[in-house]
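The values are calculated or read from the model by the stated rules, or taken from the named source; none is laboratory data. Please read all numbers here as calculations on a predicted model, not as lab measurements. Cβ: placed from backbone, ideal geometry, glycine included. Neighbour counts: every protein chain shown. Heavy atoms of the whole protein, side chains included, go into the accessibility calculation; ligands, DNA and RNA do not. Shrake-Rupley method; radii C 1.70, N 1.55, O 1.52, S 1.80 Å.
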Amino acid sequence: MSVVVWWLVTVVMVAVHSASAGVVELNWEVEYKLRWPDCKEGIVIAINGEFPGPTIDATAGDTFIIHVTNKLSTEGVVIHWHGIRQNGTPWADGAAGVTQCPINPGETFTYNFIVDKAGTHFYHGHYGMQRSAGLYGMMIVRSPKETLQYDGEFNLLLSDWWHQGSHAQELYLSSRPMRWIGEPQSLLINGRGQFNCSLAAYFNEGGLKECKFKDNDDCAPTILRVEPLKVYRLRIASTTALASLNLAVEGHNLEVVEADGNYVAPFTVNDIDIYSGETYSVLLRTHNPTPSRKYWISVGVRGRKPNTTQALTLLHYADAPEYEHLPYPPPVTPRWDDYDRSKTFSKKIFAAKGYPPPPEKSDEQLFLLNTQNLMDKYTKWAINNVSLSVPATPYIGTIRYGLKTLNYQKPPGKKIVEDYDITKPPVNPNTTKGSGIYNFQLGRVVDVILQNSNVLNGRGSEIHPWHLHGHDFWVLGYGEGKFQPGVDDKRYNLTNAPLRNTVALYPYGWTALRFVTDNPGVWFFHCHIEPHLHMGMGVVFAEGVDQIAKMNIPNEVLGCVTAVMVAAHSASAGSAGVVESYWEVENQFRSPDCTEGVVIAINGAFPGPTIYANAGDTVIIHVKNKLSTENVVIHWHGIRQNGTPWSDGAAGVTQCPINPGETFTYKFTVDKAGTHFYHGHYGMQRSAGLYGMMVVRSPKETLQYDGEFNLLLSDWWHLSSTLQELSLSSKPMRWIGEPQSLLINGRGQFDCSQAGYFNEGGLKECNFTKDDPCAPTTLRVEPNKVYRLRIASTTSLASLNLAVEGHQLEVVEADGNYVAPFTVDDIDIYSGETYSVLLRTHNPSPPRKYWISVGVRGRKPNTPQALTVLHYAGASESERLPFPPRETPSIHPNSHT
C-alpha cells in the first residue's frame, strides 16, 4: 500500500493572556509588489500592499494575534518580532529552521504571543534574504506608565536598498568563487530614498540632479512637520541588510533616552551611530527660528567605505515655506572609518536608574571567534571555525519530538582566542559547516565574549552587530585587540551596564555581554548583517532542553517534515530495471543566450540531466531542494503515474511542494516507451529553466535508425520568473512581452546570430569562446544514415516551427505514441508536445553543414530564430554555410498545414 504523510502549516494556538490586557489582532497578506523605493522601479515584499509593512502599535502586556497569509508564488516566509522575548512562546519567534517551519505559499500561520515590555521594536523576514527584499516594519510597544515627557513622536525606519533582487544577491554570495553584491544603491527612510536625484542637488551634492516629485511618488520623502518650542520623540530602528548608519538633524541636538527597548541614562549628542538590528529613542527639542524654516535630516553610511549617497528628509517647522530651498547643505556624515568616534558613542550608553545590574559573576564563559574562511572554495563566515548551516527541520521541533540527536557544540575555552592571530588572514583558511548549537541549562549566568579578527584576504576587519533572540543581555564592555582573561574581565561594568538585544563588535576588537538562561527555547544569536548570516555567521543557544521536550508545542512547527513512502514496484520476473538518481535543485548563474541570467539547475546542469530508461523500469529520483527560500516540485510530463498519482509532481494537486533543505523521493514506473520531458510545476519555475529530457526506450523497438539526438526547445526571458509572475498578477496586468531568445538544449543567442554574415536580423555574427554556455550543440552526422530526432517543447509561451535545411522529416511519434509515418519539410510544435522524426542524411559532395532553425509560430514574432548546425562528417569546421537559414512560415497556423 502507498502511504503519504503530509504535515501542513496551519495555526499556532497558545493560551489567551489575562483579560486585563488588550488584544492586537491583525490579518496580513504577504506578497510581491512593484514599487519605486528610490525612484527606480523594483520588487518589494509588501504586507497588505504596504511597503514598509504596517506599523504595529500596542501597549506592554497586550497579546498579539497576527494571521499571516503567504501570497508569494513559490517562496516560504516567516516573520521575526525583533526585540520581543517570547517568554513562554518560543515557537512564535519567527526564525526559520530554528523556531518554526516557513509558511508555505497559500497557507496562513497565526503568531500569538504577549509583548511583555515597552519599547521601540520592529519586525522583519527571517528566511533567506527576504529582509533585503523589503519585508519589514515598525513595532511600537507603549508603556501604560510612560515617564518620558514629550509633545509628539515620529518613527524613522532606516534601511538600505539594492536594485539587484534578493535571489540574485543570495546566488552571488553562494557562488564559487563568491561574487560580492557591492554596496547598496540607496538608503531609505521609511521605505523612501532617491537614487538618481538628490533633495540637495542645488548644492551640487554628489553631482546628482535635483529631485522633482509628483503626487503619490513612492520615493518622495516623509517630511517631519513640527511646531516650535516642543519636544518630539524620534523612534529610530535600523533594519539594514549591510550598512551601518549615522543620523543627524541639522541645527538640533538629540537626547538619547532608549536603546533596544530599554531606557538608558539620558545623554546628548549631535548625531547617532546605529547598526543593523539596533533601535533608539531620542528626544528632539525644537527651537523658534525666525523666520520659520526647514532643516535637513541626513542618514549616511558608517563602518564601510561608502559608495551610497546620503538619505535625506526634512524637519519642517510650521509656517516654513513649502518650496523654498534650504539655505545650507545637509550635515556631513562622519568619516566612515572613524571607529574611535563610534566607540565613544557606544560607551556613553548606560542603564537608566532603576534597571537591575548584571549578576556579579558568571557560571559559564563562551568565546566566539569571528573569522572569514573558505569551504570547498566557497567564501564563508564562521564562528569557532564552524559556518552555520540551519536545517530544514526546526531545532525546536527536533528537540521536542526527539527526531534525531543534535550535535551540540562544546565551548572551546579561551585558547581559541589566545592561539589565533587576529591581525592577519587565517593560516588555515578552511572551515566546515555545522549546526552551531550550544546547550545551556536553565538558570545559568553566561558570559559571551565576541572576538573579531582579520578577513580572509588582505588587511581588514569589519563591524558585526550581533543580535540575540529571546533575551536582553548586559553589555559589559568593549576592548581593543585580543580579549585577555583575568585582565579585561576585571574591567567589566557591573554597576550600570545597559541592557540590549543587539551590540556592535568593532574591528580587531572584542565585546563582552552577559545574560541569564531564564527563557526555555531555542534562540538564534547571529550577526545582523544579512550577507554575513547568509554566509554562516551565527550560532544557536538551546536553553532548558528538558523543558522544551515537555512543551505543548503545536504540531505545525514540524509542518516542513514531509515523508512520502511508496510501495516498491513489483517487476515481473526481474525483467524491469531501476533508474535511481540524486538531484540537487539550485539557482545558478548561466548565460543561456550569451547574456547572463539566473537559471534553476539540477546538479549544476542546465537543462537538467537527461533521464534514460526502458519501459517497465522503476524510476527513483531523490530531489533535494537547495533553493534558498523557494519551494519546488517536478512534473514528469507524459508519464501516466498508474498507481502512483502522488508522484505526478503538480503542487497543490498531487503533492505539497518540497521545502528548501528537504529531500523528496519520486518513485514511479515508466510503463510506456516514448519521448518525454520533466519540468517544474510550481509558480513559473519552468520559465526559470527547471526542465530536462526524459527518454523511455522500448525493449522491442521497431523503428530502424542509426543514431539519435535530443532537441529540447524552450524560450527565454531576461526578466526573472519572479518578476514575470508579478507583472502578470499586477492590477492592471503588465504583459511580460515576447521572449528575448529561443533555446535549443538550453543554448541560444540574443545579441548575435550564427547567420550574422547574411545580415540576419541585423545582428552581428557570433564569435564563441571555448565552453561558452550559449554556443550551439552541433548535430554531427554521417552520410546515408537514418537519425531519430527526439524533439520536445517546454516553452513558456512560444509555439514553434523546426526545420532542417535541405532535409525532410518523417514524423513517427507524437507525445510518446507511434503515429502513421508521414513526411514534411518542417514541423510545428506547441508547448508540451513531443515528437520523434526520422532524418535521412544524403551524401553531399563536398561534405557540408546545414542549418537547423527554430522560429516562432502563432504569435507575431519579436524573437530571432534559434539556430544550430547539422554537421556532416568531413565538413570544414570553420567554413561558413553557403545559404541563409530557412525562414519560419507565417505566424498564422492556418496558412501552413
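Placing unit charges on C-beta atoms (Lys and Arg positive, Asp and Glu negative, everything else neutral), compute the dipole magnitude of the stretch 800-897 about its Cα centre in debye, rounded to 20.
300 debye
Rounded if a/c is under 1.5, else prolate if a/b is larger than b/c, else oblate: which is the stretch 303-366, with a ≥ b ≥ c the root eigenvalues of its Cα gyration tensor?
Cα axes put the stretch 303-366 in the oblate bin.
Can you tell which of LEU368, THR309, PRO739 lies farthest toward the positive end of the dipole of the chain, using +1 and -1 charges on the Cβ of basic and acidic side chains (Lys, Arg; Asp, Glu)?
The one lying farthest along the dipole's positive direction is LEU368.
Filter LYS380/LYS626; LYS785/LYS849; LYS40/LYS380; LYS410/LYS433 down to the pairs with a C-alpha to C-alpha distance above 22 Å, please.
Check vs 22 Å cut-off fails for LYS40/LYS380.
Answer with one residue from THR393, THR495, LEU712: the one whose Cα lies farthest towards the positive end of the charge dipole of the chain, charges on Cβ with Lys, Arg +1 and Asp, Glu -1.
THR495
Below 8 Å between Cα atoms, with a sequence gap of 6+, how large is the relative contact order for the stretch 293-363 in percent? List each step's numbers first, then the result.
Working: 63 pairs, mean separation 24.4, N = 71.
Computed value for the stretch 293-363: 34 percent relative contact order.
Can you give the local net charge around VAL455? Use residues other than it whose beta-carbon is closer than 15 angstrom to its beta-carbon, Lys and Arg +1, Asp and Glu -1.
+2
Does anything in the stretch 681-721 have its amide N under 17 Å from the 7 Å Cα→Cβ label point of ARG780, and if so which residues?
From the stretch 681-721, the list is 707-710.
Under 19 Å from the Cα of LYS770, which aspartates and glutamates turn up, not counting those fewer than eight places away in the same chain?
Once the sequence-local aspartates and glutamates are set aside, what remains near LYS770 is ASP593, GLU596, ASP751, GLU877, GLU879.
How charged is the neighbourhood of ASN710? Take every other residue with its Cβ under 10 Å from the Cβ of ASN710, and add Lys/Arg as +1 and Asp/Glu as -1.
+1
Ignoring ligands, DNA and RNA, what accessible area per residue does the stretch 809-856 give at 1.4 Å, in Å²?
40 Å²
What number, in percent, do you get for the relative contact order of the chain if the mean sequence gap of Cα pairs under 8 Å and at least 6 apart is divided by its residue count?
Once normalised by length, the contact order is 9 percent.
Rolling a 1.4 angstrom probe over the protein chains, ignoring ligands and nucleic acids, what is the accessible area of GLU556 in square angstrom, nearest 10?
Near enough 40 Å² of accessible area.
Just read off the accessible area of VAL653 with the full protein assembly in place, 1.4 Å probe, to the nearest 10 Å².
Roughly 120 Å² of VAL653 is accessible to a 1.4 Å probe.
Using a 1.4 Å probe and counting only protein heavy atoms, arrange ILE45, ILE416 so the residue with the most accessible area comes first.
Numbers: ILE45 0, ILE416 40 Å².
Sorted by accessible area, descending: ILE416, ILE45.
Near the amide H of SER186, under 5 Å away, which other amide H atoms are found, from residues 5 or more places off or on another chain, if H is placed in the peptide plane?
Answer set, sorted by chain and number: TRP161.
What number comes out for the charge environment of ILE399, summing +1 per Lys or Arg and -1 per Asp or Glu over other residues with Cβ under 12 Å away?
In short, +1.
Quick one: check the C-alpha center-to-center distance for the stretch 760-779 versus the stretch 205-255, whole angstrom.
51 Å
For the stretch 222-347, what is the accessible area per residue in Å² when the probe is 1.4 Å?
Roughly 37 Å² per residue, with all protein chains present.
Carbon and sulfur: what percent of the stretch 667-770's accessible surface (1.4 Å probe)?
With neighbouring chains kept in place, the figure for the stretch 667-770 is 50 percent.
Checking the cross-link filter: which lysines have an alpha carbon closer than 20 Å to that of LYS343, excluding same-chain neighbours under 8 positions apart?
Candidates past the 8-residue exclusion: LYS305, LYS482, LYS490.
How would ASP771, ASP489, ASP93 rank on accessible area, largest to smallest, probe 1.4 Å?
Putting ASP771, ASP489, ASP93 in descending order of accessible area: ASP771, ASP489, ASP93.
Based on DSSP H runs of at least 4 residues, each adding -39500 (n - 2.57), what is the mean residue ellipticity at 222 nm of the chain after dividing by all its residues, to the nearest 500 deg cm²/dmol?
About -1000 deg cm²/dmol.
Go through VAL23, VAL231 and list them by solvent-accessible area, largest first, probe radius 1.4 Å.
These residues rank, largest area first, as VAL23, VAL231.
For the stretch 141-236, what is the relative contact order in percent, using Cα pairs closer than 8 Å and at least 6 residues apart in sequence?
Over the stretch 141-236, the number comes to 37 percent.
Using r as the Cβ-Cβ distance of ASN407 and ARG179, and R0 as 25 Å, what FRET efficiency do you calculate, to the nearest 0.05?
0.20
Cut-off under 18 Å on the C-alpha distance; same-chain residues fewer than 8 positions from LYS33 excluded. Which lysines are left, in chain and number order?
LYS71, LYS731
Given Cβ point charges of +1 (Lys, Arg) and -1 (Asp, Glu) and nothing else, what value in debye, to the nearest 20, does the dipole of the chain about its Cα centre take?
1000 debye
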